[in-house]
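Just so it is clear, none of the values below were taken in a lab; they were calculated from the coordinates. All of these numbers come straight from a predicted model, not from anything done at the bench. Using ideal geometry, Cβ is built from the backbone for each residue, glycine included, and neighbour counts are taken over all protein chains shown.
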Amino acid sequence: MVLWALFSCFPLVAQIAERQPAFRDKAHEWKVSGQLGLQAGGAIPLPMSALSGDDGAVNAQVKVYPRLAARVGRRLSNNWWAYVGLNYASSGITAKARVKNQRIKEIDRGSGELTVKYFTGVSYVDMAFAYAEFPVYAEYSVSPRNKLLMGLYGAYKVSGKFETTAVKGFTSDKPDNVHAEVRSSDNIRSNFSDDLRDWDFGVLLGYEFAVFSRLNAGLHLNFSPFDIFKTAVDYFDYTMHPLRGSIMVSYDLFRR
């Protein structure tokens, strides 16, 4: 919903800019741009059917963060540009979901040892990520004002948090068995933050609109086909994939 709210306001910018005089952009081969915007997102489970809320859907709240970025562009032809960039991107989600036979990490209160159990019921999820992102992408001009972006990105995790808290249901030593009831006062929390991968790779898609000669407004969407967790992690019966969307403005600081 937050991503939709961010993106739905973009057509208003385009409508206002379209009323400006005919767009004219001087020919140049290089440019360096600074970018500022808002970003929202987190990680989504695949398959989505792995999670289901009380009403048949996950109840999630997406956090919105500022996004800072810079890029260097090189003209390839009349309609094509190539870019490399550096972004500082943050994202996060808090969610309430119903899960079934989810493996959880729990410290045994008697021995103090780490044990693995299965939880079925209602769980809260709190995730937050901060990445140094390195995009490489191409820009194609559909018209003097309208541009499509497509490319790849790599990202290094500066910080990350992924915690789950079991609040209602039951635990068991084996799937589909009832071993002990879980109440909200039990506060069974599992911290998977140390299991997050340090690197992320994925696909970047976007759209930009030339408001003025040096000023562009755009939408960027990042998705990774890779799990956010390390390969050895097997606590989940599904994979979690980074998904981030942003709305931003880009200003050409230097052109030659």
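Quick notes
- Sites Phe226 and Val178, calculated FRET efficiency, Cβ-Cβ separation with R0 45 Å, nearest 0.05: 0.80
- By the count of neighbouring beta-carbon atoms within 10 Å, fewest first, His220, His241, His179 end up ordered His179, His241, His220.
- The Cα atoms of the range 163-256 give a gyration tensor whose axes a ≥ b ≥ c have a/c of 1.5 or more with a/b greater than b/c, which makes the shape prolate.
- Packing-based ranking, highest mean first, of 69-81, 35-47 given that Cβ atoms within 10 Å are counted: 35-47, 69-81
- Fewest-first ranking of Thr164, Thr231, using other Cβ atoms within 10 Å as the exposure measure: Thr231, Thr164
- From most to least packed by mean Cβ count within 10 Å, the peptides 98-104, 209-215 give 98-104, 209-215.
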